[in-house]
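The block underneath contains the structure these notes are about, expressed in structure tokens.
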Number of protein chains: 4
Amino acid sequence: MTTTPDVPGAAPGLSVGMVGYAFMGAAHSQAWRSAPRFFDLPLQPRMTALAGRDAAGVAAAARRLGWDSTETSWEALVARDDIDLVDVCTPGDTHAEIAIAALEAGKHVLCEKPLANTVEEAEAMAAAAETAAARGVHAMVGFTYRRVPAIALARKLVADGRLGTIHHVRAQYLQDWIVDPEAPLSWRLDKAKAGSGALGDIGAHIVDLTQFITGDTVARVSGRLRTFVDERPLPAEHAGLSGTAGTGRGPVTVDDAATFLADFRGGALGVFEATRFANGRKNAIRIEINGSRGSLAFDFEDMNLLHFFDGTEDPESAGFRRILVTEPQHPYVGAWWPPGHLLGYEHGFTHQVVDLVGDLASGTAPSPSFADGLQVQRVLAAVERSSDTHSWQEIPA
Amino acid sequence: MTTTPDVPGAAPGLSVGMVGYAFMGAAHSQAWRSAPRFFDLPLQPRMTALAGRDAAGVAAAARRLGWDSTETSWEALVARDDIDLVDVCTPGDTHAEIAIAALEAGKHVLCEKPLANTVEEAEAMAAAAETAAARGVHAMVGFTYRRVPAIALARKLVADGRLGTIHHVRAQYLQDWIVDPEAPLSWRLDKAKAGSGALGDIGAHIVDLTQFITGDTVARVSGRLRTFVDERPLPAEHAGLSGTAGTGRGPVTVDDAATFLADFRGGALGVFEATRFANGRKNAIRIEINGSRGSLAFDFEDMNLLHFFDGTEDPESAGFRRILVTEPQHPYVGAWWPPGHLLGYEHGFTHQVVDLVGDLASGTAPSPSFADGLQVQRVLAAVERSSDTHSWQEIPA
Amino acid sequence: MTTTPDVPGAAPGLSVGMVGYAFMGAAHSQAWRSAPRFFDLPLQPRMTALAGRDAAGVAAAARRLGWDSTETSWEALVARDDIDLVDVCTPGDTHAEIAIAALEAGKHVLCEKPLANTVEEAEAMAAAAETAAARGVHAMVGFTYRRVPAIALARKLVADGRLGTIHHVRAQYLQDWIVDPEAPLSWRLDKAKAGSGALGDIGAHIVDLTQFITGDTVARVSGRLRTFVDERPLPAEHAGLSGTAGTGRGPVTVDDAATFLADFRGGALGVFEATRFANGRKNAIRIEINGSRGSLAFDFEDMNLLHFFDGTEDPESAGFRRILVTEPQHPYVGAWWPPGHLLGYEHGFTHQVVDLVGDLASGTAPSPSFADGLQVQRVLAAVERSSDTHSWQEIPA
Amino acid sequence: MTTTPDVPGAAPGLSVGMVGYAFMGAAHSQAWRSAPRFFDLPLQPRMTALAGRDAAGVAAAARRLGWDSTETSWEALVARDDIDLVDVCTPGDTHAEIAIAALEAGKHVLCEKPLANTVEEAEAMAAAAETAAARGVHAMVGFTYRRVPAIALARKLVADGRLGTIHHVRAQYLQDWIVDPEAPLSWRLDKAKAGSGALGDIGAHIVDLTQFITGDTVARVSGRLRTFVDERPLPAEHAGLSGTAGTGRGPVTVDDAATFLADFRGGALGVFEATRFANGRKNAIRIEINGSRGSLAFDFEDMNLLHFFDGTEDPESAGFRRILVTEPQHPYVGAWWPPGHLLGYEHGFTHQVVDLVGDLASGTAPSPSFADGLQVQRVLAAVERSSDTHSWQEIPA
């Protein structure tokens, strides 16, 4: 019997502290745990500490999720000398405070999206990130879906010129989890906590993804927000998505759905829709890009597929290709399984860890940056203003 | 040997005269010819006369398409005593003149969509239709896609309450026939002839179809038109879609693509897109409706299918149903083939004839009426104004 | 007003007499009627006479389907001097007698599939066809699905070498019309009339189609027939597919389903299945071909699509292409509608008329020949023998 | 700061030793690591030891995969007192020896499929498992795909009677990884190591899955094996699937493809196909079940979907339902992510650990047992005999 050394290989460590342990905390934990098992990482992540306000809750979460120790405040976590990176998985109203403090304390930061609940907070965060970067401390916002292999392939095909000039961007993020008017209120339906509703929670993703894939940005928007159900049962207790109803009703203060037209700076026409009321659609991130040379189509409900039309082919045998993005040639895929063995939702988080760790080791600024997160925030704010004022709104370049 | 009597059964005749013999003329001819072979019609259509300006052209077309005689002006056709119904298959700039004259001459009228190139013309036509109706002379506008069985089934499911309250309407009409910037000018790219581009040619269909399926109407819009290619080669000669390029270039005076947000009067949020630049999409009329109890999805590139999600089912076995709309229980289908034997594009035109002839025989006002066509025209005009003024535009109720 | 001449163009006529007027008779009638309206035919078909035993029935059918005259026996039809071609649309037990008589009378023959109910009859028919051909009288068997554009394209891609060496042939013809054990007996379930059940009715199609697409033939088979429901209600009267049940029950004397393995002479492994018990599948002719360079997949429930995988492409962007077979470059399609406008079931019959008329005009032997029909019959007979004897059975070359 | 206790909760431990660390070893490691993070396990797995013959190789693998210690022989692993369960991930020719020794040493055993390379070995293993079970020592064979949620749901729907009497079973396992004749030899193409080719490697899965879903077993088969490429380049070194070619060529001694017909004891007709030559299909496990009340269809290339047709519905709105198997109501799914967030290939292995650990804690015999694995082996052996003898072969009940 030979005992396996504690640290795989000679890689130096990267000590991670995470704040928050709900849905996103579970996903990030699996990523920190899995990344070094499948990828050769130049830094070896350690799941050092988990912070949360409730002592019993955070202790149970740490046991379950595999964190070595716990703190009952994010401030205590940020103050620890043995933490290299703070991973922010809390609701959006706390992002700015935690991330800025962590950066100022010299910790790298991975912050869940949306970057913040307001443009002002996002601006402060981007400024803090810029200052920190000058000291070699880096920040990244967690638009994880960029690391889905089919999305990364989509970006590559556009960058390689396979689509030519982009004419159309069509994106929808469709869910249905509150189509029942008796589904109870959650923090996600509370503007104070969540900032906005479908727009910020899921609309943010399709703004980021389409800008990422096209390499272009949105210049102006005309938008329409709608709250179909104004009032809902209060939850029985601190309830998440699956919370049961309690007594009394409370107001829904965010949008249930957001639609908007967009002009991209490069000339493409965009049409966007984010909703929690698309009955039967569970997590359908659907993106289509039409260009002068070809087209792409993607649906997260079939996340291992990318559909590609090559408009330069002989029409006799041309057609949208159903690319099963599980080949060793595809982004991220070679580290996992043989062709045809699918990846799932959480793999994007693992890829995020891989890219982030690689950037930190090489001193490269990770992407998407807080500035990228701020730019998305500005698009979302413009959509809200547009809906309020019934007018087109410009996004500053 | 027994000679078959000339007129099938004892049905009285309906003598039809058609104006125009291009794409739509061919489709209408096949419909007039086929309808009595598969359906029991209370009036027996006769393909009496075809009108067109070029004597040789109209004669050749009449031989090929099966019309008994020809006229070289629509005025001559309208003047004939032996014509009961005038079928208008010409470009949109001539619809008003021909249709109004025919109605005034006491002929029923079937007029291709869009009803006219301007709201003013459409208003005159609707007024003429109303006047004629008082005399028992009827008019119908050819929004044929309503008669695709899957669309008729969609309408039925909504009317039966299977979708509940409608929250979302999502509609696209995607083509790619001029994505090549060297595709030559056709009359469809000339505002004087065509009125508008993608908006009026194909956007009109998705406005009509979504209003038809939901039983609701659009109240206001925010739209964006775009012409991606401003100038194109002049066609070598009188060229249609497949025209070859000649010498010189001319301006494109219509939109290549139109996008718009819409509020429906009943509260649904609409998102619309019509384009001739969606590379790889040939004739993709895609409609999705999300309601409080269920959802529908349709794509004309799979026109025999309707996808239906019943949100009241047990989640364990709920899912979008791929309904193959070829059962005897489905609208129009029983007259054709056994289950699983598909219908094609032209069958909608045959069903249009069937419904129109039935209405004429019973004295019922056919649907969609010229008033319906006018309403669609008003939506299209509002989209154009919205795009010009960068503002939301109301559609009069 | 100019009267359109009776015969389009200067094409000489082809006078057709049809025997039988049920499902196939309706489809053939539509084809004879439509072909000259969309295609330039070198001979102008005339729908001269329809034969059927019941005087009233055949008269009504002739009126509905558009035949100029009627006969109450096929013998009378075959005896007429004004008939150039006999189109045989009766059940299989009458094919041999009618077709041979017609050929001997100097009439061309189009005979529905399966060619006959027994190999012996099929041999006699093939011999009669060979004799007639020496006199310039031609015969064709109606394996119509060869003329579906997607199937014709599949054949072309294989012939062009796009698939390389064929390794696998996978074919299913799935229906469900008698899955209900209370569905009544029809002539199709009576061995004396129909010869066999799923095997001959629909299995014949997938044998023919896979041999056609691959350009290869089946050498030996191991098969299994099964009758799941042995006894069914007698029909109330002369009932077809939709017959209602009467009193009493009768035996099902044909197979409900047939499965078989096949060796193709060229080395491919074949797997075949034909059934009327595949709940939810209405008319699913599903064919997949896997070769050393590429693959094809087709499903008749999406008959305008062909899926093609080009194995020589860069794996990064390789995938099954969804070819919408509605481009002018595709077989038969240019005569119909613009790209993206689908064809339906009956169009294959029209294409069959087009090809047959072209061959007759040029004196070419039409394809598939009676010899081809005989070869399919031999495969079917070998499957039956194999099922009876539990052994592999050879098909003579 | 609070240190997280080493063992989550009060669960007793389950000390695991694994033999082999290639493809399956990586998948099993991820499962042992992830299961306790998402599920409440009654026993807490510890990844105690990894065995492999090459000291450096096994050490590197243990570091990467996360095993606490290593052994350079499986005998040493089996001899250790601190091991509760042996997880056998080696090629099939070693399964019998290792598994039997481990059972005799009182270790529970999880053994990868196929259970063994011969029926004789499998019989010895099943006998050893039976003996061990009497002592409370349990064995399980790793037919992991049973734990894909869509497959588990399929089993449930059949068991609930939603399909009625099963008429048809149609199963294919299609890959294409050696369609290139220059792909080098691997141990999987060597009969001595692998036992058989496509038949045992992937055909085993579809035999197990269809028997599992239907709750029925195969009674007799008629099969056809084929080796399309008899000779291949020798690999440059110890090469796996992605091995590069060296010098010289060697014989392929296993089947490239296997097809067989099957009778199920309950009366269903089965058609099976397993191949490594289906160009463009990467890991397509496709299963269709047709019953008197409904049908199911599954494709592992879309592994989060199950298609279900309910034949008892009104035909107007009946159709195959695309069930996205990501609802909390679905098997295993509640422990993971919200609806619409997909699972991947490796999750099946995690579910296998969950079920196995639960059974061990409760003293229940885990399923599938070695007896189940033996039965599958007998089916595979019957297919081989059938192919050799060109006859149907019975499988003992």
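The values are calculated or read from the model by the stated rules, or taken from the named source; none is laboratory data. What you see is a predicted model; the values in this text were computed from it and never measured. Cβ coordinates were reconstructed from backbone atoms using ideal geometry, including for glycine residues, and neighbour counts include every protein chain displayed. For accessibility, only protein heavy atoms count, side chains too; no ligands or nucleic acids. Shrake-Rupley method; radii C 1.70, N 1.55, O 1.52, S 1.80 Å.
Start at zero, step by 5 Å, and the Cα-Cα distances of the range D:147-226 spread as 3, 11, 19, 21, 14, 13, 10, 6, 3, 1 percent across the bins.
Calculated accessible area for chain A comes out at 31 Å² per residue, all protein chains present (probe 1.4 Å; ligands, DNA, RNA ignored).
Residue ranking by accessible heavy-atom surface, 1.4 Å probe, largest first, among C:E316, C:E104 comes out as C:E104, C:E316.
When +1 charges are put on Lys and Arg Cβ atoms and -1 charges on Asp and Glu Cβ atoms, the dipole computed for chain A relative to its Cα centre reaches about 400 debye. Distance to the C-onto-D rotation axis is smallest for one chain C Cβ; residue and value in angstrom are C:S222, 2.
Pairs of Cα atoms nearer than 8 Å and 6+ residues apart set the relative contact order; for the range C:25-132 it is 19 percent. Summary for C:P328: label point 7 Å along Cα→Cβ; distances to the equivalent points in the other copies, ascending, 4.3, 4.6, 5.8 nm.
Cross-link reach is defined here as a Cα-Cα straight distance under 24 Å, omitting same-chain residues fewer than 8 places apart; for C:K191 the lysines meeting it are C:K113, C:K282.
Residues A:F212, B:F277, ordered by accessible area of protein heavy atoms at a 1.4 angstrom probe radius and largest first, appear as A:F212, B:F277. For the protein assembly as shown, a Kirkwood hydrodynamic radius built from all Cα pairs, placed in the Stokes-Einstein relation at 37 °C and 0.692 mPa s, yields a translational diffusion coefficient of 93 µm²/s.
Dividing the summed -39500 (n - 2.57) terms of all DSSP H runs of n ≥ 4 by the residue count of the protein assembly as shown sets its mean residue ellipticity at 222 nm at -9500 deg cm²/dmol. Taking θ as phi - 60° and the Karplus parameters 6.51, -1.76 and 1.60, the scalar couplings of the range C:253-270 work out to 10, 10, 6, 7, 8, 9, 10, 7, 8, 9, 9, 7, 4, x, x, 6, 8, x Hz in sequence order, x denoting glycine and proline.
Label sites at C:M1 and C:A127, each approximated as a point 7 angstrom past Cα along Cα to Cβ, lie 5.9 nm apart. Structural size metrics of chain B, computed from C-alpha coordinates, are Rg and Dmax of 21.3, 72 Å. Look at the alpha carbon pairs under 8 Å that are at least 6 residues apart: their mean separation over the length of chain D gives a relative contact order of 19 percent.
For the range D:253-397, with all protein chains in place and a probe radius of 1.4 Å, 50% of the accessible heavy-atom surface sits on carbon or sulfur. Counting only whole DSSP H helices of chain D, the ones at least 20 Å long by C-alpha along their axis and with mean Kyte-Doolittle hydropathy no lower than -0.5 are D:23-38, D:119-134, D:347-362, D:370-389. What does the C-alpha gyration tensor say about the overall shape of the range B:280-397? Classify as rounded when a/c is under 1.5, otherwise prolate if a/b is larger than b/c, or oblate. Oblate.
Roughly to the nearest percent, how much of the accessible area of the range D:4-139 is carbon and sulfur, given a 1.4 Å probe? So the carbon and sulfur contribution to the accessible surface is 53 percent. For the range A:251-313, the C-alpha radius of gyration sits at 1.41 times the compact-globule guess of 2.2 N^0.38 Å, with N the residue count. Buried accessible surface for the B/D pair, both sides summed and rounded to the nearest 100, is 1500 Å² with a 1.4 Å probe.
Using a 7 Å projection from Cα along Cα-to-Cβ, the label point at B:S73 is separated from the same position in the remaining copies by 6.0, 9.4, 10.9 nm, smallest value first.
All other residues whose Cβ lies under 12 angstrom from that of C:V229 are scored, Lys and Arg at +1 and Asp and Glu at -1, for a net of -2. Taking amide H positions as modeled 1.01 Å from N, with prolines and chain starts lacking one, the residues under 5 Å from B:K113 and 5 or more places away or on another chain are B:G142.
Within the protein assembly as shown, antiparallel bridges make up roughly 60 percent of the DSSP beta bridges whose residues both belong there. Between C:M140, C:M47, C:M125, the GNM of chain C built on Cα springs shorter than 10 angstrom shows C:M47 fluctuating the most.
Averaging the sequence gap over all C-alpha pairs within less than 8 Å and six or more residues apart, then dividing by the number of residues, gives the range C:245-304 a relative contact order of 21 percent. Stokes-Einstein diffusion of the range D:148-343 at 25 °C, 0.890 mPa s viscosity, Kirkwood radius from Cα pairs, rounded to a whole number: 134 µm²/s. Label separation (D:L234 vs D:A56): 2.2 nm, computed from points 7 Å beyond Cα along the C-beta direction. Net charge of the neighbourhood of D:E121, taken over other residues with C-beta under 10 Å away and scored Lys/Arg +1, Asp/Glu -1, is -4.
Sorted from closest to farthest, the other copies place their B:D388 label points 3.1, 8.1, 8.5 nm away, with each point set 7 Å from Cα along Cα→Cβ. For the range B:68-183, the extents of the C-alpha atoms along the principal axes are 49, 47, 33 Å, listed from largest to smallest. For the range A:356-395, a decrease in accessible area of 20 Å² or greater in the assembled protein chains relative to the isolated chain, with a 1.4 Å probe, applies to A:H390, A:W392. Counting 0.36 nm for each residue step from D:T247 to D:E120 and taking away their Cα separation leaves a gain of 42.1 nm. Taken residue by residue and averaged, Cβ atoms of other chains lying within 10 Å of the Cβ of A:271-277 number 4.
Contact residues in the range B:157-187 by the 50 Å² criterion (accessible area, 1.4 Å probe, full protein complex versus chain alone): B:H167, B:H168, B:R170.
Summing Lys and Arg as +1 and Asp and Glu as -1 over all other residues whose Cβ lies under 11 Å from the Cβ of A:A99 gives a net charge of -4. Between A:D81 and A:Q329, the FRET efficiency from the beta-carbon distance, with R0 = 51 Å, is close to 0.75. The DSSP beta bridges internal to the range C:148-343 are antiparallel in roughly 85% of cases. Taking amide hydrogens as placed 1.01 Å from N in the peptide plane, the amide H of D:A219 sits under 5 Å from those of D:D263, D:F264, D:R265, each at least 5 positions away in sequence or on another chain.
Contact-buried residues of the range A:28-66, at a threshold of 20 Å² lost accessible area versus the chain by itself: A:Q30, A:R33, A:R37, A:F38, A:D40, A:R63, A:R64 (1.4 Å probe; DNA, RNA and ligands ignored). Under a Gaussian network description of chain C, with springs only between Cα atoms under 10 Å, the residue in C:A102, C:A61, C:A79 that fluctuates furthest is C:A79. Computed over Cα pairs, the Kirkwood radius of the range B:1-129 leads via Stokes-Einstein (1.306 mPa s, 10 °C) to a diffusion coefficient of 105 µm² per second.
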